[in-house]
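I have placed the structure first, in the form of structure tokens, so that the comments after it can refer back to it.
Values in this text are rule-based calculations from the coordinates and carry no lab data. Model, not experiment: these values are computed from the prediction. Positions of Cβ are generated from backbone atoms using ideal geometry, with glycine treated the same way; all protein chains shown enter the neighbour counts.
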Amino acid sequence: KLNNIEWQTIVNWAVTIIPIWFVGMTLYQRIYATRSPKEAQKAWFIAGAFEWPVMAFMGVILGLFARVAFETGMFEYMGFAPGGTMDAEMGLPLLLRTILPVGLMGLMMAAYFSAVMSTADSCIMAASGNIESDILKKIRPLPKGKKARLIQSQLITLGIGVLGLLIALQMENVLELMLHSYAFMVSGLFVPVLGAFFTKRGSATAAFWAMIIGGGTTLTLTLLSVALPFGLDPNIFGISASALIFILLSYLFPGRKNVLD
């Protein structure tokens, strides 16, 4: 029931999760692989149809199934009796273990880990490409030889992967880690992406500093555990700061090149 959830929770989830569909790299990487605007639109619609609502609602439905299974005692043989306590993230794995035969369970686990690795691979490769093309290329010339360029890309990819692993090891809750990553990405990218698509005065300078200020605001408030008004999420303040900076700099520096040029 909605009356079991505070309005702040609904607002925080909406501001953190809904904008992710505007900046999610899983959709943009399909656009990058197309050869024409028509193909790009088709790729966006097909990928979006599978990611939302199919995948989004599927997760909720499976979670509800796991909840019902827990309340009806299906997990009691593993020590999780109805009315007791259980980590919510264990619901789906326990449900699959209970209802699926061994062989099908193995295939399901293989598909599960394959999806996790595929997503991680996409995120790491996209981040590596952005660092090399959008940052390092602006600071110094890229290596001329293909082998040297490949080695540089591999080192960047390795560094990002190790950093991501270290961050993940510090988190005890997968949902909390996802919400933090969504919040940081949304607060930095949401406003610049919309500005690039729908405004005429938006500039690279405004987009760059909006990303820095927006993401930095959210990250700072989160790391310092600042008590915010009404229990609102730091992401709200990050997006607000990003929007303010983007609008201000778009009028001060319309159409200028990126500050790193």
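Quick one: divide the alpha-carbon radius of gyration of the stretch 105-170 by 2.2 N^0.38 Å and tell me what you get.
Numbers: Rg = 15.2 Å, N = 66, 2.2 N^0.38 = 10.8 Å.
For the stretch 105-170, the normalised Cα radius of gyration is 1.40.
Which is farthest toward the positive dipole end of the chain among PHE113, GLN154, LEU166, measuring Cα position about the Cα centre, with Cβ charges +1 (Lys, Arg) and -1 (Asp, Glu)?
GLN154
Set the Förster radius R0 to 25 Å, insert the Cβ-Cβ distance between GLU176 and ALA110 as r into 1/(1 + (r/R0)^6), and round the FRET efficiency to 0.05. Kindly include the intermediate steps, with their values, before the conclusion.
On the way: r = 27 Å, r/R0 = 1.06.
With R0 = 25 Å, the Cβ-Cβ based efficiency is 0.40.
Using Cβ counts within 10 Å as a stand-in for footprinting exposure, how do THR217, THR199 rank, fewest first?
Details: THR217 21, THR199 14.
Lowest to highest Cβ neighbour count: THR199, THR217.
First measure r as the distance between the Cβ atoms of TRP52 and LEU142, then evaluate 1/(1 + (r/R0)^6) with R0 = 41 Å and state the FRET efficiency to the nearest 0.05. List each step's numbers first, then the result.
Working: r = 37 Å, r/R0 = 0.89.
Calculated value: 0.65.
Return the distance in nm (one decimal) between the two label points of a simple spin-label model at ILE18 and LEU252, each offset 7 Å from Cα along Cα→Cβ.
3.1 nm
What helices does the chain have that are whole DSSP H segments, at least 24 Å long along their own axis by Cα, and with mean Kyte-Doolittle hydropathy of -0.5 or more?
Numbers: long enough: 102-130 (42 Å, 1.13); 146-169 (34 Å, 1.27); 174-198 (34 Å, 1.70); 204-223 (28 Å, 1.33); 234-252 (27 Å, 1.75).
Span-like helices here: 102-130, 146-169, 174-198, 204-223, 234-252.
Given a Förster distance of 25 Å, report the FRET efficiency between LEU150 and SER122 from their Cβ-Cβ distance, rounded to the nearest 0.05.
Details: r = 19 Å, r/R0 = 0.76.
For R0 = 25 Å, the calculated efficiency reads 0.85.
By the scheme Lys and Arg +1, Asp and Glu -1, what is the net charge of all other residues having a beta-carbon under 14 Å from that of TRP13? Can you show the working numbers first?
Numbers: positive: none; negative: GLU6, GLU176, ASP233.
With Lys, Arg at +1 and Asp, Glu at -1, the net is -3.
For the peptides 117-126, 79-88, what is the packing order when you average, over each peptide's residues, the other Cβ atoms within 10 Å and list the highest mean first? Don't jump to the answer; show the numbers that get you there.
Values: 117-126: 14.0, 79-88: 11.5.
Averaged packing, sorted descending, gives the order 117-126, 79-88.
Which net charge results when you count Lys and Arg as +1 and Asp and Glu as -1 among the other residues whose beta-carbon is under 13 Å from that of PHE45?
Details: positive: ARG30, LYS38, LYS42; negative: GLU39, GLU51.
Cβ neighbours under 13 Å give a net charge of +1.
Considering the Cα positions of the chain, please state its Rg to one decimal place and its Dmax as a whole number of Å.
When restricted to the Cα atoms of the chain, Rg and Dmax are 21.6, 66 Å.
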